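Values quoted throughout were computed directly from the atomic coordinates according to the rules given, and no laboratory measurement underlies them. Please read these numbers as outputs of a predicted model, since none were measured by experiment. Note: ideal-geometry Cβ built from the backbone for every residue, glycine included; neighbour counts use all protein chains shown.
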Ligand SMILES: *[C@@H]1O[C@H](CO)[C@@H](O)[C@H](O)[C@H]1NC(C)=O
């Protein structure tokens, strides 16, 4: 076991427990998103979202044919959620605004009184409990009307999103000082346009890449709206939350394909924002141009940025928002080897096979392989690529099944990943300023429906009252938050014998 800089040493029986403190000011939180918890899908004047449309029109899209019409019923039970947040002593709660709940028609000409009242209540309720709201503007529930007009492939969405952001800032920025514009642009574009998430369009070659460009411009426009119209008054901070897995080469020969896979999977969403030069990652831009030419296209399928667009996007951040769950081993696919659509976004485009290591345990979500060191490696890589940027870990968590409360596997996941965060901070001097557990509650896990659970608190979805119950991991996380330190020992666990 890697020994940390030991701040305090406690002796418990004949077991040594080392206690390692988080840096002063380090913030702890937990996260949810609107569609996954709120329910109230047709309450009051709320508009239809692309997820409402998907679950109602294509129930087979969801593993258990469920939907989030009610979900955790947080539209009605939000005070209960805030009680849990307070019970854990969290510094912040990250939640998202449903675009069609606030703007029922998608456009900013009509603001829902009910939507405004709901989010005001949540924000005021958090502040009354001493918890900072961290608000995501877009966590995948696009107004269906905008999808009907082309959604994220229509360049006009850049201004539609900026208009929506301005409404949210106007209503809430006096009480919200940390904002995430878009959650996981990679899931929005590569998931949404490879048929894996709503809107379930299959157009990886063109659609996903149009979406990529517009999502980045939309983020940047929202960032500039805040800078120009709200920053001086409220001094808030904004960023985007990228989902990044750790990719490592299978053999020394696989380094080049690994670098390209990193650029394709997340550099595409980071380099334009965080790099000194801006624009697409150069190696990826060359690769995409060559590939497109070979395929007979008159121009690169990766849409070019103008110089003005490069400048608009470059530097549109106050911190680096990172969602992280898992790791992959990358190798070049063998000639003629067929790679499944679920093998990852880099598979079809690059011929990169993404594998896992046998000793990486699998969570209930088949994609979630546990490799805690991957998080430290990724944090180091971000610093190496983009400089000494403040990093807020905006999601990290573990799924299991059912609503058992004794979740030692989840405790081990949090403990091991938090240990790697501490190592990145103390050993590698990476500026991690906060950590967000995904998720506060069991909720609607997209195409997995309710078959996999990420909650620190379980929710009984069979009961109309949707009762919440603390899991062992909620008590564990509470103890970390209270102590502002990690006690580095293993919880006894029959499934995981790392002693
Ligand atoms: C809202 O949706 C539910 C199904 O989730 C349905 O039973 C109800 O009739 C709908 N209400 C309105 C006002 O459309």
- Where a ≥ b ≥ c are root eigenvalues of the Cα gyration tensor, a/c under 1.5 meaning rounded, otherwise prolate if a/b exceeds b/c and oblate otherwise, the range 272-349 counts as oblate
- Which of rounded, prolate, oblate describes the range 161-224, given a ≥ b ≥ c as roots of the alpha-carbon gyration tensor eigenvalues and a/c under 1.5 marking rounded, otherwise prolate only if a/b is larger than b/c? prolate
- Query: If we count other beta carbons within 10 Å of each Cβ, what is the order of 438, 367, fewest first?
  - Reply: 367, 438
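Going by average Cβ neighbours within 10 Å, how do the peptides 163-169, 82-88, 426-432 rank, with the highest at the top?
On the way: 163-169: 22.0, 82-88: 18.4, 426-432: 16.6.
For the peptides 163-169, 82-88, 426-432, the packing ranking is 163-169, 82-88, 426-432.
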- Take the alpha-carbon centre of the range 145-186, take the same for the range 305-337, and report the distance between them in whole Å. 20 Å
- Shape category assigned to the chain from the gyration tensor of Cα positions, a/c cut at 1.5: rounded
- Task: Take the alpha-carbon centre of the range 27-52, take the same for the range 353-376, and report the distance between them in whole Å.
- Result: 29 Å
- How far apart, in nm, are two points set 7 Å out from the Cα along the Cα-to-Cβ line at residue 45 and at residue 357? 5.6 nm
- Item | Residues 407, 63, sorted so that the one with the fewest Cβ neighbours within 10 Å comes first | 63, 407
- Message: Below 8 Å, C-alpha to C-alpha, sequence gap of six or more: please give me the relative contact order for the chain in percent.
- Response: 17 percent
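Among DSSP bridges having both ends in the chain, what percentage is antiparallel? Round to the nearest 5. Could you put the intermediate results ahead of the total?
Details: 20 of 56 bridges.
Percentage antiparallel, nearest 5: 35.
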- Query: Given the rule -39500 (n - 2.57) for each run of at least 4 DSSP H residues, summed and divided by the residues of the chain, what is its mean residue ellipticity at 222 nm, to the nearest 500 deg cm²/dmol?
  - Reply: -11000 deg cm²/dmol
- What's the exposure ranking of 290, 308, going from fewest to most Cβ atoms within 10 Å? 308, 290
- Whole-angstrom gap from the range 222-290 to the range 67-81, using each part's C-alpha centre: 34 Å
